[in-house]
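> Pasting in a structure now, in structure tokens, and then I'll have a few things to ask.
The values are calculated or read from the model by the stated rules, or taken from the named source; none is laboratory data. Predicted model only: the values in this text are computed from it and were never measured. All Cβ positions, glycine included, derive from the backbone under ideal geometry; neighbour counts span all protein chains shown. SASA here: full protein model, heavy atoms, side chains in, ligands and nucleic acids out. Shrake-Rupley method; radii C 1.70, N 1.55, O 1.52, S 1.80 Å.
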Amino acid sequence: FLQQVREAYDRFARGEGWSPPSETTSYFDWAREQREWVAGPDSAAAREYWSAQLAGVAGEPAEAAAVPERGLATARTDSQPLGERRSALVDRTAAGLGVTSFALLLACYRRLVFETLPGAWQVIGSSFANRDVDTRDIVGLLVNVLPLVSRREPVGCPVDGARAEMALIAAAEVHQRMPTPEILRLAAGRSL
């Protein structure tokens, strides 16, 4: 997209005409194809997956998900970098467990939230890039935010928790083509 804008600008600056190459897919073409996919039968598996994932949080009162005044709301909110040594430790630990560093850190974060809000459903939005639809030549890399839904009770063993997060991430990745607004429509009336 930016390459085409630069090319058009340069051509117009020289007094020449310009039109996009006919073989190039435009953003509007991609958006139309995305809408057709969402409305069509090919989205059924993703729609079923996200409906099942969000079924557990149905009817959850909004106030139950509110963070108590003490706890996470009063925790330090400034960034605390891990540093090189701790980052390397996280990477080695995750590799040893067969999970990503993100899955390991997400498991730790969920555990902290469970300690603050026992019994509450946890829906954490996570960015997924590199969607299965190639948009690099259209507008660049698109990022979709997907809800990672977890059970009400934490997995007992931290190792199992990291592996459960990895399985959840892998399952969401398979169904990442479903756009975030459409996933939220499936969750209508639920407190996410």
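> Please enumerate the residues belonging to the range 35-52 that are open to solvent by 40 Å² or more (accessible area, probe 1.4 Å) and touching a residue at least 60 places away in the same chain (Cβ under 8 Å).
Once the filter is applied, which keeps residues that are open to solvent by 40 Å² or more (accessible area, probe 1.4 Å) and touching a residue at least 60 places away in the same chain (Cβ under 8 Å), the range 35-52 yields Ala45, Arg47, Ser51.
> Among (1) farther than 30 Å from Pro181 by Cα; (2) open to solvent by 80 Å² or more (accessible area, probe 1.4 Å), which single condition is Gln3 missing?
If we test Gln3 against (1) farther than 30 Å from Pro181 by Cα; (2) open to solvent by 80 Å² or more (accessible area, probe 1.4 Å), just (1) comes out false.
> Only residues that are more than 25 Å from Ala172 (Cα to Cα) and either touching a Leu at 6+ places or on another chain (Cβ under 8 Å) or at pLDDT below 80 (or both): list them for the range 73-114, please.
Ala73, Thr74, Ala75, Arg76, Thr77, Asp78, Ser79, Gln80
> List the residue pairs whose Cβ atoms are under 9 Å apart, where the first residue sits in the range 99-127 and is among the basic types (Lys, Arg), the second is in a helix (DSSP H, G or I) and open to solvent by 70 Å² or more (accessible area, probe 1.4 Å), and the two are 6 or more positions apart or on different chains.
Sorted first by the residue in the range 99-127, then by its partner, the pairs are Arg111/Pro158.
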